[in-house]
Each structure stands twice: as structure tokens, then as C-alpha cells.
Amino acid sequence: MTNARQIALELLNRVRASESYINLLLPKELAKHEISDADRGLVQELSYGVLRWQLQYDAIIDHLTPGKTLSPGLRAAIQLGLHQLFRMRIPTHAAINETVDLVKHFEASAAGLCNAVLRNAERAGHDNLLAILIEGQEDLARLSIEFSHPKWIISGMKSALELDGRTSDLAELLSANNQTPVVNLIAITSSASAELEALGLQRGSASPNGFLCIGNPLEYLSIPGVRVQDQGSQLVALALSKVADKTGTWLDMCSGPGGKAAVLEHAVSGSGNLVCYEPHVKRSKLVSSALADPESTPVLVKRGQDAPESSFAAILLDAPCAGLGSLRRKPESRWTKKPEQLPSLTKLQAELIDAAVLALEPGGILMYATCSPLVVETNAQIRAALDRHANISLVDLVPVMQELAPGLELNTSRKTVQLWPHRHGTDAMFMALLKKNEGN
């Protein structure tokens, strides 16, 4: 019978070969195997844990195998062993022996090397190895090894924190990115909220509609109006719903997979209309399935750039971005995303902003949001949009957010909002409200 370590290794190999997201692969892989709940938890911790700490484990492996070239499968297996030794309550003999047995199944000649690396790592100890690896390193390189983030991401996070007046938070943020987040639920309706409260779920600290999941989230999704959604994402749709004209027609411009569309649908129900655009067919089907009444809300396979002019009272542009705000949930993103991808992303974001400004009615509201704190995707985009369009102005979003969630600690010297995992318990969502001038 396939064991948890074999499943975890297969997942790691698939993530690296296909650049797929572990949160999408994991449920499908677990469905193939009849294993206990405990083993399911072990698979999740092993696969997510290794993906989070991959850079640090690679540095340890390279230190202990100077001059050797390891196959990707062998390297992944040793990473699994290191994670069990250093960050899990698994007996040393089990962590080493089970990993060596795993290697024997696909690269028997390397079993001795695997055994030697793990035993040498255990003898040296994690803290001692880390001290050796970071000794004499400049700040970015030291932080990169210590917190297992690429240097370019650390640099981008540092700049975003500085802009938000949180320069000293860098280590705390990087540490938070390596923590396992609590699954968040949103209660879109008051009846859904009452049901979750009756089940004993605790309310989230960031979103007024948020709840902290206990156990398997699938157990709650049969309740009408309940969805899995990070509290930061919840606030994006809730904030727009609070300030926009509910009697008008709204557009969710990049609506897949549909979580925010479901919130907007409820907000305009009975008074206005919602239209959803999603250029990818599969994702458009996810949007339809997320809606309470998909027959009344058109979900069009359409690009945001093709939105008709002067047609919408409110637009949500949850723009395609680097996604670095969700590193807790998608740890592989730190390895699959590259700085070379940013120019094409920022070009697309600018195109979508321009299209949204044209598509707004006079007096209409645009919510621009990214699940990325990188300045080139956030404040820089907003500054550039204001320079390009004399007929829009920046609305102060901070008072709106404080009214929605009074407990949020926000930088009140800025009009845009940047959320942080280490401060707010959310993904690092960025939000900005833009208003089209009357008569334009």
C-alpha cells in the first residue's frame, strides 16, 4: 500500500515538473488513496512544509554534499527527511529509515548517500547548520536562507513594507509566510452567519463576515451562503459593496474563480445587476458554480479590455498579479514566480485599469485589488493611472475599511490599503478605490 511519504514525494515531483499549485493537486492525489486521516495530515504537512523550506533545505543538502549532483527525485526525498528531522515530531530513526527506504524504490544506488546526509544533518543539528550557512552573508542572502525566500521577493516585500511605514517588520512578515494559515470561511448572508455561529465557529478578526474554520471546510460548504475565502479577499468585495451604487450595474472584470463575485451578487440582489467577465472557460464555469443564482448573473467568457464604455456604476478589478500575498497558502509560488514575469503582468494590469476607467459611468467607482504587495503592482500602478487619466480621483479607502473592520491596524497616512499576514492575519491584499469624475 502506498504510504504518506510516497504520496508526498509524488506531489513534490508533480509540483516541480508542472509548476502546478499544491492546493489544487493535494485533494486529487489524496482521493486516489485509501489512507487514514492521520496519514492525510502527514501528507499535507510534508508536502507544504518542504515547499516552504525548500531553499533552506537545498542549502543544507549542498553544504553536506559538496561537489555532488543529485537527481531531482533524490533531492526531494532528502528534503522530506530533513523536514521530518527538523520541523516535525517524528522519531529520528523513523525519519531517516523511512526516507532511505523511499529512495531505495526509485534510486537504490543513492540510498547510502541519502542515509549519510540525513545522519550528518541530525548530528550537526539544525541551528548549527543554519549558523554555518548564514555566517558572513549580506542581509538579503542571510534572510533568504533563514526564511527560505528568494532574494528578489524579500527585496520586493521590504520596499512594500517601507511604503507602508513598517520597515522593521520584514523578518516578522517572512516568518508569517512560513506559517500554516487557518482556513477562513465567509458567511455571505445573515442566515449563513447565524448557522456558523450556532456551530461554534469563531469570527475572524479582519472581516465582519469572516469565520475561522474548525476541521474539514467541506463540512460547512453545504450551508447556503458559505464559501472558503481569505478574510483579505472578503474585504475587497465588501468594501466595494459598501461604497458603490447598489441600484446600478456592476462588473466583476476578472471574476474567476468566483469568490468575490458571490459577495457582489448578494450585495446587488434585488436592486441592481452584476455582470462577470472571465477570459478562461474553465474559470468561468467556476464563477457560475460560485453564484447563488447564476441564471440571473451573466458570466461571460470575455476579456476585461473589451468592456463597453460608460456602462457600469461599479467595477471590481481583482487584477492578475504575481500572487506573492498568498505565500502561506501557495508556498510553491516563491519558486515558480520569476521577476522576469513582472513586466508582462504590470502591462496587463495597466491595460485593464484603462479599460475599467473607460467602462465606468460618470461617478462610477473602481476597486483595484491585487494579492501582491509589490509596489510595481500596487501604488505604482495607481499613481500611473492617475497620471494617465485626468478624469479619475483616488478615494480614501482607509475610513471605509475602518468602518467595516474597526480592529484593523492600518496606515492612516495613505489612501490605499495594504493588508499583511503578520499584522492582520490575512493574505497581503492591496486595495485602491478610484472614482470617475461626474460629467466624464
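The values are calculated or read from the model by the stated rules, or taken from the named source; none is laboratory data. Fair warning: this is a prediction, and the values are worked out from it, not measured in the lab. Cβ coordinates were reconstructed from backbone atoms using ideal geometry, including for glycine residues, and neighbour counts include every protein chain displayed.
Residues that are buried (at least 18 other Cβ atoms within 10 Å of the Cβ) and in a helix (DSSP H, G or I) within the range 232-256 comprise GLY232, SER233, GLN234, LEU235, VAL236, ALA237, LEU238, ALA239, LEU240, SER241, listed in sequence order. Go over the candidates ILE186, ILE223, ILE145 one by one and state the one that is within 19 Å of the chain's Cα centre (by Cα) and of a type in the set (A, V, I, L, M, F, W, C). After ruling out the rest, the residue left standing is ILE186.
Among the residues in the range 184-191, are any in a loop (DSSP other than H, G, I, E, B), assigned by TED's automatic domain parsing to the domain that holds PRO406 and in contact with an Asp or Glu (Cβ under 9 Å, 6 or more places away or on another chain)? No, every residue in the range 184-191 fails to be in a loop (DSSP other than H, G, I, E, B), assigned by TED's automatic domain parsing to the domain that holds PRO406 and in contact with an Asp or Glu (Cβ under 9 Å, 6 or more places away or on another chain). If the condition is being of a type in the set (Asp, Glu) and touching a residue at least 12 places away in the same chain (Cβ under 8 Å), then the range 208-258 contributes ASP230, ASP245, ASP252. The set of residues in the range 148-175 that are more than 17 Å from the chain's Cα centre (by Cα), under 22 Å from ALA432 (Cβ atoms) and either part of a helix (DSSP H, G or I) or among the small types (Gly, Ala, Ser) (or both) comprises LYS158, SER159, LEU161, GLU162, LEU163, GLY165, THR167, ASP169.
Within the set LEU143, LEU133, LEU70, the sole residue that is within 28 Å of ILE7 (Cβ to Cβ), buried (at least 17 other Cβ atoms within 10 Å of the Cβ) and not basic (Lys, Arg) turns out to be LEU70.
Limited to the range 1-59, what total is found for residues that are basic (Lys, Arg), farther than 22 Å from LEU70 by Cβ and either touching a Leu at 6+ places or on another chain (Cβ under 9 Å) or outside the structural domain of THR99 (by TED's automatic domain parsing) (or both)?
Adding up the residues that qualify gives 1.
Scanning the range 193-231 for residues that are of a type in the set (Gly, Ala, Ser), in a helix (DSSP H, G or I) and in contact with a Phe, Trp or Tyr (Cβ under 9 Å, 6 or more places away or on another chain) returns a single hit, SER193.
So that you can scan it fast, the table gives a plain yes or no per residue for (1) surrounded by fewer than 17 Cβ atoms within 10 Å (Cβ to Cβ); (2) under 27 Å from TRP420 (Cα atoms); (3) outside the structural domain of THR189 (by TED's automatic domain parsing):
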| site | (1), (2), (3) |
| --- | --- |
| LYS260 | no, yes, yes |
| TYR277 | no, no, yes |
| SER289 | yes, no, yes |
| PRO320 | no, yes, yes |
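Applying the set (1) over 22 Å from the mean Cα position of the chain (by Cα); (2) within 16 Å of MET431 (Cβ to Cβ); (3) of a type in the set (S, T, N, Q) to THR249 leaves exactly one unmet item: (2). As a summary of the residue check, MET157 satisfies the conditions (1) buried (at least 23 other Cβ atoms within 10 Å of the Cβ); (2) out of contact with any Pro (no Cβ under 7 Å at 6 or more places or on another chain) except for the one numbered (2). May I ask you to list pairs of residues, at least six apart or on different chains, whose Cβ atoms are under 6 Å apart, with the first in the range 324-352 being over 26 Å from ARG14 (Cα atoms) and the second being small (Gly, Ala, Ser) and buried (at least 21 other Cβ atoms within 10 Å of the Cβ)? Hits for this filter: GLN349/ALA319; LEU352/GLY304; LEU352/ALA319.
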